[in-house]
Amino acid sequence: MIWSVHRTKGPAVSPRRTLAIASLGTVTVLVAFTSPLANINQTVAGLGAGHRGATWILSSMSIGLGAFLLTAGRLADDYGRRRWFVIGSLVLGLATLLGALSHDATTFVASRIVAGAGGAAVIAAGLGMIAAAHPDPGERGRATGVWGASIGAGIAIGPLLGNYLGSLHSWRDVYVLIGVAGLALAAAARGCPESRSAERARLDVPGVVLIATGTASVLAGLTEGRGGWGRPVTVLLLVVGVLLLVAFVVVERRSTHPMLALGLFARPAFRAVNVAGLATGAGIIALMSYVSGFVGSALGISATTAAWLMLAWSAPSVVTAVAARRLPAHWSGRGQMAVALAVVGLGQLLVLGVDTGSGAARFVPGLLLAGVATGVLNAAMGRESVASVPPGQAGLGSGANNTARYLGSALGVTVVSVVAAPSGAITAAGLVDGWHRAVVVTALVSLVGAAGVALLGERVVRPGSERAETVRADSG
């Protein structure tokens with residue numbers, strides 16, 4: 001794909017600075033996303049929340065992320081990626097600080113949803129900034145590898161940091177730190193060059209409203225469903241959400257300036273990278289979201305050790321995401337994603353056979369293998385999400401792929417909570433049986449996702465479909 005880049009006068013800014021700030025932004029969002037996994041019991045006790053409150057505390061940031069990633073990516077492309085990165089960082093920081101000061105579950109959950117919306121802008125705009133700062137395909141491949149590593153780094157740091165600060169003083173401390181980091185990112189990003197599409201489309205207000213409210217309603221329904229699928233509020237949220245998303249498709253098909261051009265789904269590469277994102281969320285991410293709770297409840301493993309188990313998966317992904325640029329040049333992004341998903345599925349299957357006497361070491365081989373493959377997968381998805389859309393739409397490509405990832409995660413976590421639930425009284429043996437069912441289901445998701453990506457064909461770019469990219473090198 002050819003990128004047409006135009007620069008105006010202004011102080012030169014190293015692409016490395018843009019890469020560092022955008023990657024640190026992704027780390028910060030993922031730390032915020034995963035921190036509750038390690039200190040959920042302290043958080044629930046501190047806020048006076050029950051089981052339902054705990055479910056919302058763990059899921060609320062996903063709602064903000066899933067609802068606004070696509071919108072944030074499109075707004076960043078049209079109105080300035082640096083601008084929306086700064087806005088997202090400010091929202092993430094301020095909302096997280098509000099959460100740290102909360103004294104009830106409702107306020108904390110609301111702050112997490114808003115923080116998720118801010119994090120959506122940071123992730124979508126950040127990858128767009130990286131793509132614009134690295135127009136050369138080789139340089140962009142290396143840069144997106146670093147960005148992919150930042151996903152694993154954030155997942156690795158979040159539970160460990162949350163657990164450490166919680167044991168040292170208070171569960172609130174990690175949120176204070178994240179809030180300050182968000183504000184610092186906003187200040188640092190102002191020195192990065194601005195970039196936007198040369199052909200700014202008119203804002204598709206109906207599309208923005210429908211995709212945000214529809215996605216949020218579905219995700220809220222999935223969260224409520226874990227307390228009972230027949231409850232009226234659950235059914236209402238899911239039905240309304242689906243209707244809003246159907247309306248979104250209808251509106252986008254008729255719009256002369258759609259937020260998401262549905263013709264993108266005719267591109268095999270766009271379909272492939274988003275199938276990979278969906279399978280990643282519903283497969284390995286859904287399973288790893290269940291690990292901490294399972295090993296604590298069924299095997300008596302401490303929260304600290306559970307956080308180290310998360311590291312056994314996420315740390316290798318940091319290394320392999322950066323090293324992925326050394327893979328043979330003839331190995332397509334589609335091939336990398338398909339093989340990586342298959343290896344992730346194999347790693348998941350290696351954690352079968354756990355029993356009530358198993359220790360943490362029993363999980364390590366499978367998690368290490370899955371982590372190695374996840375790093376390659378993250379790097380490939382970061383690169384292909386940008387390459388699969390016309391130039392000028394890097395933020396949209398990033399937003400679409402990450403939306404697929406977080407929607408997949410929400411669906412996967414819901415499925416895991418259903419299939420892993422003991423059929424009778426809650427016992428260690430019953431929880432272990434549920435773990436095995438969850439592993440099989442999520443591994444199948446990874447393997448089916450690998451097959452889907454492999455069967456979607458090579459990327460095809462239609463002549464005349466590319467848009468020019470305007471990059472302002474000034475930092476003001």
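Work out how much length ILE426 to HIS257 would gain on full extension: take 0.36 nm times their residue separation and subtract the Cα-Cα distance, in nm to one decimal.
On the way: separation 169, 0.36 × 169 = 60.84 nm, distance 5.32 nm.
Gain in length upon complete extension: 55.5 nm.
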For this session: With a point put 7 Å past each Cα toward its Cβ, work out how far ALA187 is from SER358 in nm, to one decimal.
Result: 4.7 nm
For this session: Any chance you could get the radius of gyration and Dmax over the Cα atoms of the chain, in Å?
Result: 21.0, 69
Problem set entry | Sorted by Cβ neighbour density within 10 Å, fewest at the top, the residues THR234, THR18 | THR234, THR18
Seminar exercise, completed: Expressed to one decimal in nm², the mean projection of the alpha carbon convex hull of the range 212-297 is 7.3 nm²
Seminar exercise, completed: So ALA45 and SER14, fully extended at 0.36 nm per residue minus their Cα-Cα distance, gain in nm 6.5 nm
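With contacts defined as alpha carbon pairs under 8 Å and 6 or more residues apart, what's the relative contact order of the chain in percent?
26 percent
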Problem set entry | Separation of alpha-carbon centers, the range 28-64 and the range 385-403, rounded to whole Å | 29 Å
Seminar exercise, completed: Kirkwood calc, the range 205-258, C-alpha pairs only, radius in angstrom 11.4 Å
For this session: Could I have the simple spin-label model distance between TRP331 and THR106, label points 7 Å from Cα toward Cβ, reported in nm to one decimal?
Result: 5.3 nm
For this session: Mind giving me the FRET efficiency for THR305 and ASP136? R0 is 56 Å, r the Cβ-Cβ distance, nearest 0.05 is fine.
Result: 0.80
Exercise. Hey, what's the per residue convex hull volume over the C-alpha atoms of the range 147-263, in cubic angstrom?
Worked result: 188 Å³
For this session: Compute the length gained on full extension between LEU203 and SER167: take 0.36 nm times their separation in residues and subtract their Cα-Cα distance, giving the result in nm to one decimal.
Result: 8.3 nm
Seminar exercise, completed: In vacuo Debye sum over C-alpha of the range 346-444, base-10 log of normalised intensity I(q)/I(0) at q = 0.10, 0.16, 0.20 Å⁻¹, listed in q order, is -0.40, -0.81, -1.04
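None of the figures in this text is laboratory data; all of them are computed from the coordinates on show. No experiment lies behind these values; they were computed from the predicted model shown. Don't worry about glycine lacking a Cβ; one is built from the backbone with ideal geometry, like all the others, and counts go over all protein chains shown.
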